[in-house]
Amino acid sequence: MAERNPQSGFAIRKTLFVWFAMAIILVVASMLYIGSTGRPRFIDRNLLPSEKALSVYEIATSHFKNTTQFQSNNCNPEDAILKLYMYDLPPEFHFGLLDWKPEGDSVWPNLHRKIPNYPGGLNLQHSIEYWLTLDLLSSTDPTRPNPCTAVRVTDPNQADLIFVPFFSSVSYNRYSKVIPPEKISLNKKLQQNLVKYLTSREEYKRSNGRDHVILAHHPNSMLDARSVLFPCVFILSDFGRYNPNVANLEKDIIAPYRHLAKTNINDSAGFDDQPTFLYFRGAIYRKEGGNIRQELYYLLRNEKDVEFGFGSIQANGINKASQGMHGSKFCLNIAGDTPSSNRLFDAIVSHCVPVIISDDIELPFEDFLDYSEFCIFVRAADAIKEGYLMGLLKGVGKERWTAMWERLKEVDRYFEYRYPSVRDDAVQMIWKALARKVPAIRLKVNRLRRYQRFGRGLKESADDGNFPIISGF
């Protein structure tokens with residue numbers, strides 16, 4: 001028999017040990033792998049799409065309603081849901097109207113140095129042009145601290161929409177009077193120049209203006225140019241002074257007024273803590289559809305716990321109105337010269353349940369918000385019936401009023417204009433409302449282009465999008 005070699009035995013044992021250790025490692029690794037694939041730890045399953053078949057409308061609205069889940073804390077252009085190309089209009093169309101002077105060749109202010117001031121008082125209620133333009137200018141700033149819903153792009157071919165930065169409301173408020181020896185006002189001259197500028201641009205010609213965004217929040221702004229620029233998307237306060245062929249809910253956006261009353265921060269005053277039952281302070285004798293204010297004044301002025309009186313911005317009127325709304329259960333929002341007013345948004349941020357008496361009013365973001373959760377709507381014909389309005393409001397019990405009051409505290413952020421803008425404030429809500437219009441705009445623009453390559457011009461096909469041709473400027 002051969003003699004056993006001790007060294008070969010040791011080598012065999014060593015080899016077996018190594019294989020055994022490797023087998024254990026493989027088993028442990030496979031268990032970890034199976035566990036990790038069976039149950040993901042970093043994916044929230046609620047964010048995954050369900051198997052439910054969604055309509056086109058549901059797909060569009062669900063994306064924009066849930067966009068905030070995916071936004072980072074900083075402005076990342078890749079997260080933006082809306083891309084806008086902004087014309088570099090000369091300063092006299094925008095910040096120059098605020099007495100800002102350009103430095104060098106730049107047409108825009110350096111936002112890191114000084115932000116131009118916007119006029120105060122009643123001018124502020126139509127200041128959306130200011131907030132939107134500032135937000136767009138800052139959207140490409142890498143130091144911007146907050147999320148951005150819209151981002152400015154430098155190539156119009158990459159844009160969803162074209163943004164026209166004309167401060168039309170401040171132009172009307174400050175420059176609508178004719179100053180001799182001039183024959184026309186600066187406001188009218190700027191509108192004429194804007195029309196010439198836009199209609200000469202290739203970006204405008206390719207869509208006949210349908211993908212252009214015009215800011216015309218003051219009811220009298222763009223009065224001369226609107227009949228020419230009617231294919232554009234208007235951002236308005238209401239449709240009260242517009243022909244429905246020029247402005248309508250199908251193509252345009254209703255934006256909130258910038259409120260003048262102070263926001264009721266840390267509001268803990270409930271139903272039993274509001275001394276005034278019903279509140280209104282403002283102009284009572286109005287023209288056009290505002291006659292109802294006078295009728296309601298005579299019906300309600302002697303009612304118990306009702307404050308219905310004259311008011312204006314003079315003599316500390318804004319602070320008085322803030323105090324009155326903060327201490328009231330219900331606040332009247334009655335049609336005046338136009339269907340809307342900033343009083344509704346004053347009431348919302350004051351957490352005073354709005355009572356809306358304006359049959360033709362259109363409301364901001366109503367495809368997103370159900371206003372019946374925090375407002376009471378009354379038809380004008382019913383409101384002027386003796387005893388009807390007070391009986392209706394007294395029938396709103398403490399529990400129902402409290403639910404509406406709580407909802408007001410949840411939605412007031414949608415009506416705050418800020419710079420820098422923050423998640424779900426008025427600026428970002430307007431961008432989202434515009435983004436929801438983009439698919440319909442693309443459809444119309446693409447239909448308009450059907451015959452462009454084969455000799456049919458834009459002027460001939462301007463009525464393809466269901467908008468009639470309106471005569472000149």
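Hey, any hits in region 274-282 for a residue that's in a strand (DSSP E or B) and within 29 Å of THR133 (Cα to Cα)? Can you show your working first?
Kept after step one, since they are in a strand (DSSP E or B), are these residues of region 274-282: 276-282.
With within 29 Å of THR133 (Cα to Cα) added as a condition, the list becomes none.
No, region 274-282 has no match at all.
Can you go through ILE384, ILE313 and tell me which one is open to solvent by 20 Å² or more (accessible area, probe 1.4 Å), touching a Leu at 6+ places or on another chain (Cβ under 7 Å) and more than 21 Å from SER237 (Cβ to Cβ)? Quick ask: steps written out before the conclusion?
Numbers: ILE313 fails: more than 21 Å from SER237 (Cβ to Cβ).
Step by step, each of ILE384, ILE313 is checked, and only ILE384 is open to solvent by 20 Å² or more (accessible area, probe 1.4 Å), touching a Leu at 6+ places or on another chain (Cβ under 7 Å) and more than 21 Å from SER237 (Cβ to Cβ).
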Applying the selection to region 407-420, what residues are more than 13 Å from SER127 (Cα to Cα) and open to solvent by 20 Å² or more (accessible area, probe 1.4 Å)?
ARG407, LYS409, GLU410, ASP412, ARG413, PRO420
Working only within region 421-447, note down all residues that are crowded, with 18+ Cβ neighbours inside 10 Å and not in a helix (DSSP H, G or I).
SER421, ASP424, ASP425
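Given the structure, is PHE308 in contact with a strand residue (DSSP E or B) (Cβ under 9 Å, 6 or more places away or on another chain) and open to solvent by 40 Å² or more (accessible area, probe 1.4 Å)? Show your work before the answer.
Working: in contact with a strand residue (DSSP E or B) (Cβ under 9 Å, 6 or more places away or on another chain): yes; open to solvent by 40 Å² or more (accessible area, probe 1.4 Å): no.
Spelling it out, it is not the case that PHE308 is in contact with a strand residue (DSSP E or B) (Cβ under 9 Å, 6 or more places away or on another chain) and open to solvent by 40 Å² or more (accessible area, probe 1.4 Å).
Condition test on PRO219, is it surrounded by fewer than 23 Cβ atoms within 10 Å (Cβ to Cβ), touching a residue at least 40 places away in the same chain (Cβ under 8 Å) and closer than 29 Å to HIS351 by Cα? First the steps, then the outcome.
Values: surrounded by fewer than 23 Cβ atoms within 10 Å (Cβ to Cβ): yes; touching a residue at least 40 places away in the same chain (Cβ under 8 Å): yes; closer than 29 Å to HIS351 by Cα: yes.
Yes; evaluated as a whole, the condition is true for this residue.
Can you tell me which residues in region 93-109 are open to solvent by 20 Å² or more (accessible area, probe 1.4 Å), touching a residue at least 24 places away in the same chain (Cβ under 8 Å) and not in a loop (DSSP other than H, G, I, E, B)?
Our first condition is that a residue be open to solvent by 20 Å² or more (accessible area, probe 1.4 Å); within region 93-109, this holds for 96, 99-108.
Now narrow it down to the ones that are touching a residue at least 24 places away in the same chain (Cβ under 8 Å): 108.
Passing the criteria: none in range.
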Which condition number in (1) over 25 Å from the mean Cα position of the chain (by Cα); (2) under 30 Å from ASN446 (Cα atoms) is the one that LYS101 fails?
(2)
First in region 436-453 and closer than 12 Å to LYS251 by Cα, second anywhere and β-branched (Val, Ile, Thr) and exposed (fewer than 14 other Cβ atoms within 10 Å of the Cβ), Cβ under 8 Å, 6 or more apart:
PRO439/VAL56
So, in region 164-189, of the ones that are assigned to a helix (DSSP H, G or I) and under 26 Å from the mean Cα position of the chain (by Cα), which residue ends up surrounded by the fewest Cβ atoms within 10 Å (Cβ to Cβ)?
ARG174
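The values are calculated or read from the model by the stated rules, or taken from the named source; none is laboratory data. Remember, predicted model here, so these are calculated numbers, not experimental data. Reconstructed Cβ throughout: ideal geometry from the backbone, glycine too, with neighbour counts over all protein chains shown. Surface accessibility is based on the protein's heavy atoms, side chains included, excluding ligands, DNA and RNA. Shrake-Rupley method; radii C 1.70, N 1.55, O 1.52, S 1.80 Å.
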